[in-house]
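Pasting in a structure now, in structure tokens, and then I'll have a few things to ask.
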Amino acid sequence: MKFRSLTRSHTGRVVLAAVPVAVVSSLLMAGVANGAVPVSFEVSGSQFQISASQLDGTGFSQYAGVAPDTAGKDHQVAIANIKSATLSDLCQSVVTDTPMGKVGLLITAGGGGSPASASDLQIGMTDLKGDSTFGNIRIGVDASTVNTAAKGGVGDFAQDADTVKIANLQQTAWSTQASVFTLTGMHVQLTDGSKGCF
């Protein structure tokens, strides 16, 4: 089974730095047609925060892309894919302006030693902080040949790794999804917009 991807690859326009970036949250993956180029869909006009005390994953890749919004604007992103991931102390937050003022949504899960888990994870991100360790990493591979089912465009810069670990993860993203996402101990709450994940 193939899943529609969140973002499309951005051929030859954005070259990523050699520092790997990775992933997380409420999520997705895969290619279409021959599996080489992800399909785009429109994202909302708001970025959101994701944090976790620990991310452990297998099957990682990253390359440049764009996330188009409903107004027709393309947002440059780093597309990160993880085949299988566990996330300890997961948090996701977003703030939206409404006629009644700012309203926030805060989701937490994966605490108390029972991490959340995701498979076929893909995120279109703009910022990532954390302490990272990559197993068998390859930097500078062609994005169309990365070791994940979702791939970028031919000739684009990419990196992949067998494993990824990120401690104290803090991430800002436009899009994220997964084929299966298990939120142990999930808590969803509305806020006044003043409380985020970091």
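For the modelled label position 7 Å from the Cα of Thr133 along Cα-to-Cβ, which residues of the range 154-174 have backbone nitrogen atoms closer than 15 Å?
Inside the label zone: 162-169.
Could you list which residues have their amide H under 5 Å from that of Cys197, counting only those 5 or more apart in sequence or on another chain, with H placed in the peptide plane?
Distant-sequence amide H within range of Cys197: Ser93.
Taking every pair of distinct Cα atoms and averaging 1/r, then inverting, what Kirkwood hydrodynamic radius in Å comes out for the range 125-198?
Working: mean 1/r = 0.0650 Å⁻¹.
With all distinct Cα pairs of the range 125-198 included, I get 15.4 Å.
Throughout, read-outs are computed from the coordinates displayed, never taken from laboratory work. Note that the coordinates shown come from a computational prediction; the quantities given were computed from them, not determined experimentally. FYI the Cβ positions are ideal-geometry reconstructions off the backbone, even for glycines, and counts take in every protein chain you see.
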